[in-house]
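Trainee: Input: one structure, supplied below.
The values are calculated or read from the model by the stated rules, or taken from the named source; none is laboratory data. Just so it is clear, the model here is predicted, and its values are computed rather than measured. Please note: Cβ atoms are built from the backbone with ideal geometry, for glycine as well, and neighbour counts cover all protein chains shown.
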Amino acid sequence: MAIKQKNSIFIRVFLIFGSLVLAITLFFAFMVVPMQKNAFKQIMFTQAETVSRSIVQASSDAIISKDFGFIVEHNVEVLKNNTSIHYILISPKIGDKIWINQENWHLIENLNTDIAQLENNNINYKIMPIDNYEQVYHFVYPIQFSGISWGWLHIGFSTIQYDKYINDMYFQIIYIIGISLILILFVGYLFARWISQPVSIISHLATQVAGGDLTVRSTIVRGDEIGVLSDSFNQMVDSLMQSKKHLENYNQELENKVLKRTQELADLNKDLDNKIKDEVAQRQKQEALLIHQSRLAAMGEMIGAIAHQWRQPLNALGLVQQNLQFKYQMDKLDDDFMNQSMDKSARLIQKMSSTIDDFRNFFKPNKHIESFNIHNIIQSTADLLEAQLKNNNIKLQIICNENLIIKGFQGEFSQVILNLLNNAKDALIENNSRQPTIIIDAVKNNDTVTITIKDNAGGIPDGIIDKIYDPYFTTKEEGKGTGIGLYMSKIIVENNMSGTLRAFNDAEGANFVIELINNQD
Amino acid sequence: MNTNRISLKQIAECLVIITCLIFSTCAVAEDLFHQQTLRIGFHRPSFHEYSREDLVISVKIITEEMGKDLGIETNVAIYEDMKLMNADFENGTINLIFASPLLIANEVDNTLLADGFKMIPSGGNADRLVILTRKNEGMDNFKSLRNKKLGLVENDPTSDLYVNFLSQSNFKKDFQDTLKKMPREKKSHQVILKLFFGQIDVTCVYESFFQTTTELNPQILERVQIIEHIDGILQSAGFFHKNVDPAFRESVINAVLKLNTYPRGQQFLEIFKTEEALPVSPSELTITKKLFNDYQHLKTIK
């Protein structure tokens, strides 16, 4: 993956350095402004004081002798030689004031309030607009002789020079800042480059290394941390190169090993495949055998059941024959009796025949999925055992909606019901239960149909409840059980009908629960 | 005693030498007048309104510059003594004389004078002398000025002459005997200011100076009035020696009259606080001479 080269260190260093220097420059520049302003004001004050003292000293005799002509002439001359002075005002305590400016002079009686307020024992000044002058540095100098106040000398200085100083100062500051900016840009660029360039170079080299190029080396030679970093970088790349070589060798070795192992695994897989095929074939064979055994067992049980079923009609048929024989011997065999006997015999034979049909239907191979009525299947399967259940006084209760339909293998489902009923019957007989009862409860839920075969034979012993589905596991006496009924029932329910078969004990006995998917809706 | 006696031969020899000397001096003077150089003589006391520095430095420099423009050599000499200046004027050391018209009229041989030029100060009549007093103090004519404090300008004999003339006319005495003479001032506006501020009661100045002073403060006009005046009295003028080549004189006068047309020339005029120069002839000294004669006459008839 390509790594984008960045210049953020250069920019940061440049910005920090530039900002710092600029901030310091601005700080000092703007710190100087008020100081310079004060300095300029102090200079103006000193200049004004000097001029005032000079005027007063030069005019002292004239002042004392009230030679106002001299005062006027002298100050006109002063103004002529000092263009920075707008006007001079001689303000004696008593009498007219003399106002002299660059163009003329005149006497005034009263001063305006702003100027008059400045007349006290101290030297005062104020920058303000006076007459036509927008801004004047109005300086007031008290005239005193031997501690006696005579009046005041007012001088209006032009602020042009002051403003020029200030403007010059601002221009100088701007100039300095401008120069600083250029220096900042130049020196900052060099400084930032000096700091960031080696880092950038090493970063670029690192990017190349990250991209897989281990041939690059830093050529930076410096006596500082950057130099150390450069050396370390080169050492690191050397180490990486060695590691890469080791890794390549190791990889090659690993690849060889993997190839070898892969070959071995391929061979093993081939064997395993054959073994699995063999196992599957063997298992299929075994299952077929089991199914065959199961069928044989079922057939055996069915034969027993047929025997039970046939016992009663055979007895009845025997009695019909005996009655016929007896009537015949008694010469009382008439047509009616004969017809009745024949009808009865026919009915009995028919019943026996239908019994055989039932069994034949039960064992008829039916290996296609079809919809069937659960109630009917349970009932017909129960009918097969009816005689045996009656002989053992076992009560069978079927609780099932007569319209409950599901899809599946009907014959196999019948076989499962028969197995579970047989087991319940055998358990009830074996345990000699009181009021032996089998309840078959079929309930339709939202997505499932649950069929529970419950007995009151005391339940499955805890020690064997985990083994009851194992093939050839049986608790019945030898010759009575094959141990494949529950195994086959579980196989049929879970493999062929995608359902579950589970068992649990309650207070009365065992409960076998078949849960099938309700696929009819 | 033959040794102590001066022989006639020796006397004759001396006379020959003296005659030769006189003729040789005249020949030298004649040579000077024929030199086409401008040699100006300034009588500094006559220019009391202007600083000596201006006269000595500025006038010399600017005159030399103007001379270069005209292609003539110039030389400026400043004199404190009128007699010395007059002597140099007569012998040709200087060929242009600048001094108070009264001094020129009285102390210079007027027959040696030729045309020249005068500087005209701005404002008022340049050739009018005025007597100033304060208003509303009962000093409305010269007769009312007896014992009043008189302030005059230093080195202005014309003003002195005019005040004396008026004093003679009104009191038949010179002003020293009729007015209180106060210390003289160097410049006209100084005496005007003293008058304005009440330090003196009367003064005599050229009207142009009075005008200039009132321009600086019009309030002066509210307090000060003119009670007497005389026209035609030149303030200052420069006259060429009559022996100077008329063409040369003409060219110099023309150059001076054009001073106000270029900056350096205006700077020269500024030294004399004038705006322009005008031609002047010796005849314009007549009124000054007349004033002097009238004064002398009044003095003699008492």
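Trainee: Among the residues of region B:129-148, are any of a type in the set (Asp, Glu), out of contact with any His (no Cβ under 7 Å at 6 or more places or on another chain) and part of a helix (DSSP H, G or I)?
Mentor: no
Trainee: Select, from A:Lys285, A:Lys327, the only residue that is modelled with pLDDT of 75 or more and farther than 26 Å from A:Gly485 by Cα.
Mentor: When all the criteria are applied, what remains is A:Lys327.
Trainee: Also, quick follow-up: Only one of (1) within 14 Å of another protein chain (Cβ to nearest Cβ); (2) closer than 25 Å to A:Lys164 by Cβ; (3) outside any helix (DSSP H, G or I) is not met by A:Leu107, so which one is it?
Mentor: So A:Leu107 meets the others, but not (2).
Trainee: When A:Lys80 is evaluated against the numbered criteria (1) assigned to a strand (DSSP E or B); (2) within 14 Å of chain B (Cβ to nearest Cβ), which criterion, by number, is the only one it fails?
Mentor: (1)
Trainee: Then there is this: With respect to B:Ser251, determine if the residue is among the polar types (S, T, N, Q), surrounded by fewer than 15 Cβ atoms within 10 Å (Cβ to Cβ) and assigned to a helix (DSSP H, G or I).
Mentor: no
Trainee: While we're here: State the number of residues belonging to region B:164-203 that are within 14 Å of another protein chain (Cβ to nearest Cβ), in a helix (DSSP H, G or I) and closer than 16 Å to B:Asn147 by Cα.
Mentor: Of the residues in region B:164-203, 1 are within 14 Å of another protein chain (Cβ to nearest Cβ), in a helix (DSSP H, G or I) and closer than 16 Å to B:Asn147 by Cα.
Trainee: Answer with yes or no whether A:Phe233 is outside the structural domain of A:Ala62 (by TED's automatic domain parsing), at pLDDT 85 or above and assigned to a helix (DSSP H, G or I).
Mentor: Yes, satisfied.
Trainee: Run down B:Phe89, B:Phe33, B:Phe47 and say which single residue is among the hydrophobic types (A, V, I, L, M, F, W, C), touching a Leu at 6+ places or on another chain (Cβ under 9 Å) and either surrounded by fewer than 20 Cβ atoms within 10 Å (Cβ to Cβ) or at pLDDT 90 or above (or both).
Mentor: Testing whether each residue is among the hydrophobic types (A, V, I, L, M, F, W, C), touching a Leu at 6+ places or on another chain (Cβ under 9 Å) and either surrounded by fewer than 20 Cβ atoms within 10 Å (Cβ to Cβ) or at pLDDT 90 or above (or both) leaves just B:Phe89.
Trainee: When you look at A:Gln5, is it over 30 Å from B:Lys186 (Cβ atoms) and at pLDDT 85 or above, yes or no?
Mentor: Spelling it out, it is not the case that A:Gln5 is over 30 Å from B:Lys186 (Cβ atoms) and at pLDDT 85 or above.
Trainee: If you don't mind, there's one more thing I want to ask. Quick one: is A:Lys37 surrounded by fewer than 21 Cβ atoms within 10 Å (Cβ to Cβ), touching a helix residue (DSSP H, G or I) at 6+ places or on another chain (Cβ under 8 Å) and of a type in the set (D, E, K, R)?
Mentor: Judged against the criteria, A:Lys37 is a match.
Trainee: Find the helices (runs of 4 or more DSSP H) located wholly in region B:30-108 whose residues include 3 or more that are free of Cβ contacts under 8 Å to residues at least 24 places away in the same chain and within 30 Å of B:Asn293 (Cα to Cα), and list them.
Mentor: B:82-91
Trainee: Given the condition part of a helix (DSSP H, G or I), within 14 Å of another protein chain (Cβ to nearest Cβ) and touching a residue at least 60 places away in the same chain (Cβ under 8 Å), answer yes or no: does some residue in region B:216-234 qualify?
Mentor: Yes.
Trainee: Same structure, new question: Would it be correct to say that B:Ser208 is more than 19 Å from B:Tyr50 (Cα to Cα), polar (S, T, N, Q) and not in a loop (DSSP other than H, G, I, E, B)?
Mentor: Considered against the rule, which asks whether it is more than 19 Å from B:Tyr50 (Cα to Cα), polar (S, T, N, Q) and not in a loop (DSSP other than H, G, I, E, B), B:Ser208 comes out as no.
Trainee: What's the number of the only condition in (1) within 11 Å of chain B (Cβ to nearest Cβ); (2) assigned to a loop (DSSP other than H, G, I, E, B); (3) aliphatic (A, V, I, L, M) that A:Ile94 fails to meet?
Mentor: Going through the list (1) within 11 Å of chain B (Cβ to nearest Cβ); (2) assigned to a loop (DSSP other than H, G, I, E, B); (3) aliphatic (A, V, I, L, M), A:Ile94 breaks only (1).
Trainee: Here are some residues: A:Glu119, A:Glu73, A:Glu103. Which one is among the acidic types (Asp, Glu), assigned by TED's automatic domain parsing to the domain that holds A:Tyr141 and at pLDDT 90 or above?
Mentor: So the residue among A:Glu119, A:Glu73, A:Glu103 that is among the acidic types (Asp, Glu), assigned by TED's automatic domain parsing to the domain that holds A:Tyr141 and at pLDDT 90 or above is A:Glu119.
Trainee: Is it true that A:Asp114 is away from chain B (no Cβ under 14 Å), over 60 Å from the mean Cα position of the chain (by Cα) and of a type outside the set (Ser, Thr, Tyr)?
Mentor: yes
Trainee: Would you pick out the residues in region A:199-214 that are touching a residue at least 24 places away in the same chain (Cβ under 8 Å) and within 25 Å of A:Ser243 (Cβ to Cβ)?
Mentor: A:Val199, A:Ile202, A:Ser203, A:His204, A:Leu205, A:Ala206, A:Thr207, A:Val209, A:Ala210, A:Gly211, A:Leu214
Trainee: Could I ask something else about it? Any idea which of (1) out of contact with any strand residue (DSSP E or B) (no Cβ under 7 Å at 6 or more places or on another chain); (2) farther than 27 Å from B:Met82 by Cα is the one B:Lys180 doesn't satisfy?
Mentor: Among (1) out of contact with any strand residue (DSSP E or B) (no Cβ under 7 Å at 6 or more places or on another chain); (2) farther than 27 Å from B:Met82 by Cα, B:Lys180 violates only (1).
Trainee: OK, next. Go through region B:109-167 residue by residue and tally those that are closer than 22 Å to B:Tyr50 by Cβ and free of Cβ contacts under 8 Å to residues at least 60 places away in the same chain.
Mentor: Count: 5.
Trainee: If you scan region A:120-139, which residues turn out to be over 17 Å from A:Ser91 (Cβ atoms), loosely packed, with under 11 Cβ neighbours inside 10 Å and of a type outside the set (D, E, K, R)?
Mentor: The answer is A:Asn132, and nothing else.
Trainee: For region A:113-133, which residues satisfy the criterion of being under 28 Å from A:Gly147 (Cβ atoms) and part of a loop (DSSP other than H, G, I, E, B)?
Mentor: Residues satisfying the conditions are A:Gln117, A:Leu118, A:Glu119, A:Asn120, A:Asn121, A:Asn122, A:Ile123.
Trainee: Provide a single number: the residues in region B:133-159 that are surrounded by fewer than 22 Cβ atoms within 10 Å (Cβ to Cβ), in contact with a strand residue (DSSP E or B) (Cβ under 8 Å, 6 or more places away or on another chain) and under 26 Å from B:Phe47 (Cα atoms).
Mentor: Total meeting the criteria: 2.
Trainee: Give B:Thr261, B:Thr274, B:Thr288, B:Thr212 a once-over and let me know the one that is closer than 29 Å to B:Gly116 by Cβ and within 14 Å of chain A (Cβ to nearest Cβ).
Mentor: So the residue among B:Thr261, B:Thr274, B:Thr288, B:Thr212 that is closer than 29 Å to B:Gly116 by Cβ and within 14 Å of chain A (Cβ to nearest Cβ) is B:Thr212.
Trainee: Across region A:11-68, what is the number of residues that are more than 14 Å from chain B (Cβ to nearest Cβ), among the charged types (D, E, K, R) and within 30 Å of A:Ile143 (Cα to Cα)?
Mentor: 4
Trainee: Run A:Ser54 past the list (1) within 30 Å of B:Phe197 (Cα to Cα); (2) among the small types (Gly, Ala, Ser); (3) surrounded by 18 or more Cβ atoms within 10 Å (Cβ to Cβ) and report the number of the one that doesn't hold.
Mentor: Exception for A:Ser54: condition (3).
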